[in-house]
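Notes follow once the structure below has been shown.
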């Protein structure tokens, strides 16, 4: 910051901010003037310029509201890399707070894309996974789909699964509804290994092996029962939990799931109380990122 100020610019920003505080209510010139403590001629001049540029609108009763030019700017910011730049500070702060690796993923053309990573991932060959793409096909993509709308979940469930799903669709929906209610999803380790069935399958899909070999390997994987997923943690804070991951959604200004932020514990087990504190920190970070995106 240089410390330099521009009063005329500040007044324009004040008018825009006021109109944005109540986007569904239009304000008269008098209301704008009184609420901002500016003279009517000053407010009229600002509103006239904003209206001409499309950043404000004026109706037949001379009341003002936000204009369509702001929609174009908002859409450009939301769909561009700027949204990632807005989210990244919240990921870094979460990593600094907990000292645990964090992974940010999103959907693009029916693929799961790893968009960012902070900290060293405790599973796998420690390659840089940023930029890797995985098929958003059951069972992959549950955490990236659960907080989208019902039609998106149905579309995901309708895809031919990579491995058989051994439970009813209602069981899957029950898990989705529980995740939406709780705000996060817990993935537990199912054995001594850190790699869960989902991680094994995801790594297979990006292994570079021929499709025929992948098909054979997938046939040897057990059917999916979602047993590793839950939204509940033990009430006893001292009870150990074989936690593999915690995931929560980051939403856009329309409330849609835009990204998924996943926290990866650095140990095979952790007390339930610690897991709860991690979940609270994760959801606080995703809610802050959602707010930053206008959600």
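Before moving on, here are some points about what is shown:
- Fewest-first ranking of 90, 24, using other Cβ atoms within 10 Å as the exposure measure: 24, 90
- Taking other C-beta atoms within 10 angstrom as a stand-in for reagent exposure, 176, 118 fall in the order 118, 176, fewest first.
- The length gained by stretching the chain between residue 109 and residue 25 to full extension, at 0.36 nm per residue less their Cα-Cα distance, is 26.5 nm.
- Cβ-derived FRET efficiency at R0 35 Å, residue 118 paired with residue 220, nearest 0.05: 0.55
- Cα gyration tensor shape for region 80-292, rounded if a/c is under 1.5, else prolate or oblate: rounded
- Nearest-ten-degree value, helix 68-79 long axis tilted from longest Cα axis of the chain: 20 degrees
- Cα→Cβ-extended label distance, 7 Å offset, between residue 6 and residue 167, nm: 5.7 nm
- On the basis of the beta-carbon distance and an R0 of 22 Å, residue 288 and residue 155 show a calculated FRET efficiency of 0.15.
- Full extension of the chain segment joining residue 85 with residue 237 gains 51.1 nm, where the gain is 0.36 nm per residue of separation less the Cα-Cα distance.
- The chain: calculated mean residue ellipticity at 222 nm from DSSP helix runs of at least 4, using -39500 (n - 2.57): -14000 deg cm²/dmol
- Packing, taken as the mean count of other beta carbons within 10 Å per residue, orders the peptides 164-170, 244-250 from highest to lowest as 244-250, 164-170.
- Gaussian network model of the chain, springs between alpha carbon atoms under 10 Å - residue of 25, 133, 159 with greatest fluctuation: 25
- Based on Cα contacts under 8 Å between residues 6+ apart, the chain shows a relative contact order of 17 percent.
- Cα gyration tensor shape for region 10-112, rounded if a/c is under 1.5, else prolate or oblate: prolate
- Three-way shape label, region 211-295, alpha-carbon gyration tensor, a/c 1.5: oblate
- Cα-based helix-to-principal-axis angle, 272-292 vs the chain, degrees rounded to 10: 40 degrees
- Put in order of Cβ neighbour count within 10 Å, fewest first, the listed residues 72, 189, 180 become 72, 180, 189.
Bear in mind that the values in this text are calculations on the coordinates, not laboratory data. All of these numbers come straight from a predicted model, not from anything done at the bench. Heads up, the Cβs are rebuilt from the backbone with ideal geometry, glycines too, and the neighbour counts pull from every protein chain shown.
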